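Contents: one structure, followed by commentary.
The values are calculated or read from the model by the stated rules, or taken from the named source; none is laboratory data. Bear in mind that the values here come from a model prediction, so they are computed numbers and not experimental data. All Cβ positions, even for glycine, are placed from backbone atoms using ideal geometry, and neighbour counts span all protein chains on display.
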Amino acid sequence: MKRKKNIAIVAHDNRKKDIMEWVSFNWKELAQHDLICTGTTGKMVEEALAESCHKHGTVPPTVTRLKSGPLGGDQQLGAMICEGNIDMLIFFWDPMQPQPHDVDVKALLRITVLYNIPTASNRSTADFMVTSELFHEQYDPIIKDYREYIARDVNMA
């Protein structure tokens, strides 16, 4: 994981206000990295960062917008994690509202664990992540070696 990180930001509809408040509060830290967002969240993140950066005379960071989560954005992020193109995930998901793409959300969260990607699912954890000494430093996460699992003998009887 390099110093300038690729940070994925996602929020369910009922958490978009929370993520916008968080992005606006942490704009200075986020502006030093590249951001990848799903659908509407990406548009809102771009607007929040543009406003904050404009007020302070700085250039907003690059925001790459993927498809909306239910339209495949969560799967796009999962693929990017597998390819080593995402360094951390900030995902404010709604624990009280079932989502039409719950299986995709679960798959995305599983991939973050599999590839040892730092993941925040709420504001407290996200705050701890962006204030960590490691946030702007080179960091090499330890990834479990799954070769033995892949080479296992599977009995297809």
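Going by the conditions given, is residue 46 surrounded by 18 or more Cβ atoms within 10 Å (Cβ to Cβ), of a type in the set (D, E, K, R) and over 24 Å from residue 139 (Cβ atoms)?
Values: surrounded by 18 or more Cβ atoms within 10 Å (Cβ to Cβ): yes; of a type in the set (D, E, K, R): yes; over 24 Å from residue 139 (Cβ atoms): yes.
Spelling it out, residue 46 is indeed surrounded by 18 or more Cβ atoms within 10 Å (Cβ to Cβ), of a type in the set (D, E, K, R) and over 24 Å from residue 139 (Cβ atoms).
Listed by first and then second residue, the pairs with beta-carbon distance under 9 Å, at least 6 apart or on different chains, first residue in region 108-129 and of a type in the set (Lys, Arg), second outside any helix (DSSP H, G or I), are 123/92. Taken together, the residues in region 54-80 that are surrounded by fewer than 22 Cβ atoms within 10 Å (Cβ to Cβ) and touching a residue at least 60 places away in the same chain (Cβ under 8 Å) amount to 1. Restricted to region 78-104, and to residues there that are out of contact with any helix residue (DSSP H, G or I) (no Cβ under 6 Å at 6 or more places or on another chain) and of a type in the set (A, V, I, L, M), the residue that is modelled with the lowest pLDDT is 96.
Any residue at all in region 3-15 that is part of a helix (DSSP H, G or I), at pLDDT 90 or above and not acidic (Asp, Glu)? Checked region 3-15: at least one residue is part of a helix (DSSP H, G or I), at pLDDT 90 or above and not acidic (Asp, Glu). When residue 65 is tested against the conditions (1) modelled with pLDDT under 95; (2) more than 20 Å from residue 114 (Cβ to Cβ); (3) not β-branched (Val, Ile, Thr), the lone failure is (1).
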